[in-house]
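Below you'll find the structure, written out as structure tokens, and then a few comments.
The values are calculated or read from the model by the stated rules, or taken from the named source; none is laboratory data. Source: prediction; values computed, not measured. Counting neighbours? That spans all protein chains shown, and the Cβs are built from the backbone with ideal geometry, glycine included.
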Amino acid sequence: MYVDVVEWVELPHTLGMSQYADGGMLASKPYVASGRYIQKMSNYCRHCRYHPGKSTSADACPFTTLYWDFLQRHNARFRRHPRTALQWRNLDRLSRSEKRDIRDQADEIRQRH
């Protein structure tokens, strides 16, 4: 909780930003993160069995897999957004087979959970 906001402001803003739950009314872009970003910004990955830099394989980080899958699924909506251009340039570096493998693994994660 932030010191300078009250609960009725903080929760909707944080939830809206983190989940893009309001369709972009409060935040100008979706806040999606890969496992590497989570690793960099927290200590959650320290004892995790998954590798934050991998998006496919048995030890791939589910956050990384779902991050790349999100970018693929929402390509048309966000590709031209100026604040997300770097993300899509990075997606373009992946081969067709890598993108297909990511989609397949993301589908497995969603079915499992």
Practice problem: Could you give me the residue pairs with C-beta distances under 7 Å whose first residue belongs to the range 77-94 and is loosely packed, with under 12 Cβ neighbours inside 10 Å, whose second residue is at pLDDT below 85 and of a type outside the set (D, E, K, R) wherever it lies, and which are 6+ apart or on separate chains? | Solution: Arg83/Ser28
Quiz item: In the range 57-76, how many residues are part of a loop (DSSP other than H, G, I, E, B) and crowded, with 19+ Cβ neighbours inside 10 Å?
Solution: 1
Practice problem: Enumerate the pairs (first residue in the range 43-61 and within 23 Å of Lys99 (Cα to Cα); second residue anywhere and among the charged types (D, E, K, R)) with beta-carbon separation below 6 Å, excluding pairs fewer than 6 apart on the same chain, so at least 6 apart or on different chains. | Solution: Tyr50/Asp59; His51/Asp59; Pro52/Arg36; Gly53/Arg36; Thr56/Asp101; Ala60/Lys54
